[in-house]
Amino acid sequence: MVHQEAMPLLTPTKLGQFELSHRVVLAPLTRCRSYRNVPQPHAAVYYSQRATKGGLLIAEATGVSATAQGYPDTPGIWTQEQVEAWKPIVDAVHRKGGIFFCQIWHVGRVSTNEFQPDGQAPISSTDKQISLNPELGIACSKPRRLLTEEIPGIVDDFRRAARNAVEAGFDGVEIHGAHGYLLEQFMKDSANDRTDEYGGSLENRCRFAVEVVDAIVHEVGAHRVGIRLSPFVDFMDCVDSDPMALGNYMIQQLNKHEGFLYCHMVEARMAIVDGRRHIPHRLLPFRKAFNGTFIAAGGYDKEEGNKAVAEGYTDLVAYGRLFLANPDLPKRFLLDASLNKYERSTFYTQDPVVGYTDYPFLPEDKSNNDQSPAHA
Ligand SMILES: Cc1cc2nc3c(=O)[nH]c(=O)nc-3n(C[C@H](O)[C@H](O)[C@H](O)COP(=O)(O)O)c2cc1C
């Protein structure tokens, strides 16, 4: 008999108080199907399809306030109606034994007047406009630079959103500090041209993000809080001249909170080396410096994920597009099964089924297939 070693991605581990049965995480994925910013019942189908006993799911970016949106029909968590609408979705994931975190965000200047209350200008660290949201292919509006005295109010929106997420039943929150949205617009020096205490030095540029972290930790406890950061990514015109220093500074701030749960980092864009995708693997110093659980994301397949876990590069690996298209991804990894291909044209469309809950499970998986909605 051939003895098969357990696949590194499918070995158990702990995430603070949570017992994980494997390390394949659902990355946060904006899906634009929460009409009028209210999560819908079809999200319960979608997330429970991807839930496994002891598996970690991170919900799509969820707005902290009425000014937080820049994409059509993204969910919010600032009204009671939204909190109530999340509850059955969270329940559906918990019934399958999943651990469910809510990613909370504010898009800042990655928005247009149409997404804003009363057609106002989107808010940001700056009044510098970015030309295009490449995900949607639409132009962004000119933002309005936040006044210094307005910033505590935005921090408070994040705090309240975290409280609401816990009330909705989520196991915790992930602060969206990546990809050129509001927190990064403050953190990175290409986007922050402020002259007050929120601009200039690294410490000043990180002040807003650190205040958000501190407020949320104080509100719901460090054991329920993670953050997503992308120091090397240059998305939405947010670039930093010294990403190592930025990442290190943020890790130091997170480590000040005993038990801060996780740091989730996105790698830079893939390079192609010898005709093969190549993950730059520049996150190791951050992983080593951080006291909590580390999650890496960005371009991983099964092989790269196993390697990253086996080599101690990361504790967990978050999968975006592969998990979007393969609701039973951990099982496919286990069985070395082939994968469904993702359909980019339906990433951000509003259909409650197509490109959302209709990606097939492995045929023999009766129990999961029964979860799928009946549709032609
Ligand atoms: C359709 C789509 C929506 C996304 N939405 C979010 C989001 O809401 N929050 C976030 O932090 N990242 C978001 N991302 C980035 C993913 O979480 C992930 O980091 C990225 O897809 C790279 O991982 P992958 O190569 O495994 O897909 C999104 C990506 C896609 C394809």
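The figures follow:
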| read-out | value |
| --- | --- |
| Kirkwood hydrodynamic radius of the chain, Cα pairs, Å | 20.8 |
| The chain - percent of accessible surface contributed by carbon and sulfur, probe 1.4 Å | 52 |
| Rounded FRET efficiency, nearest 0.05, which uses the C-beta distance separating Lys128 from Asn291 and R0 of 30 Å | 0.25 |
| Charge sum, other residues only, whose C-beta stays under 10 Å from Glu60's C-beta, Lys/Arg counted +1 and Asp/Glu -1 | +2 |
| Efficiency of FRET between Ala337 and Asp91 - r from beta-carbon atoms, R0 30 angstrom, step 0.05 | 0.55 |
| For the stretch 141-271, accessible area per residue (1.4 Å probe, heavy atoms of protein chains only), Å² | 35 |
| Antiparallel bridge percentage (DSSP; both residues within the stretch 97-245; nearest 5) | 15 |
| For the stretch 1-40, accessible area per residue (1.4 Å probe, heavy atoms of protein chains only), Å² | 53 |
| Contour excess over end-to-end distance, with Cα ends at Lys14 and Lys256 and 0.36 nm allotted per residue | 85.1 nm |
| Solvent-accessible heavy-atom area per residue, rounded to whole Å², over the stretch 294-336 at 1.4 Å | 30 |
| Normalised alpha carbon radius of gyration of the stretch 198-339 [divisor 2.2 N^0.38 Å] | 1.14 |
| Under 5 Å, built H, 5+ apart or other chain: amide partners of Leu15 | Leu20 |
| Under the Debye formula (equal points on every Cα, no solvent term), log10 I(q)/I(0) of the stretch 133-241 at q = 0.12, 0.13 Å⁻¹ | -0.44, -0.52 |
| Average Cα contact separation per residue, the chain, under 8 Å, 6 or more apart, as relative contact order % | 16 |
| The chain - share of DSSP beta bridges that are antiparallel (%, nearest 5) | 20 |
| Mean projected area in nm² (Cα convex hull; one quarter of hull surface) for the stretch 61-177 | 7.6 |
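The values are calculated or read from the model by the stated rules, or taken from the named source; none is laboratory data. Nothing here was measured: the structure is a model prediction, and the numbers come from that model. FYI the Cβ positions are ideal-geometry reconstructions off the backbone, even for glycines, and counts take in every protein chain you see. Keep in mind that these areas ignore ligands, DNA and RNA; they rest on the heavy atoms of the full protein, side chains included. Shrake-Rupley method; radii C 1.70, N 1.55, O 1.52, S 1.80 Å.
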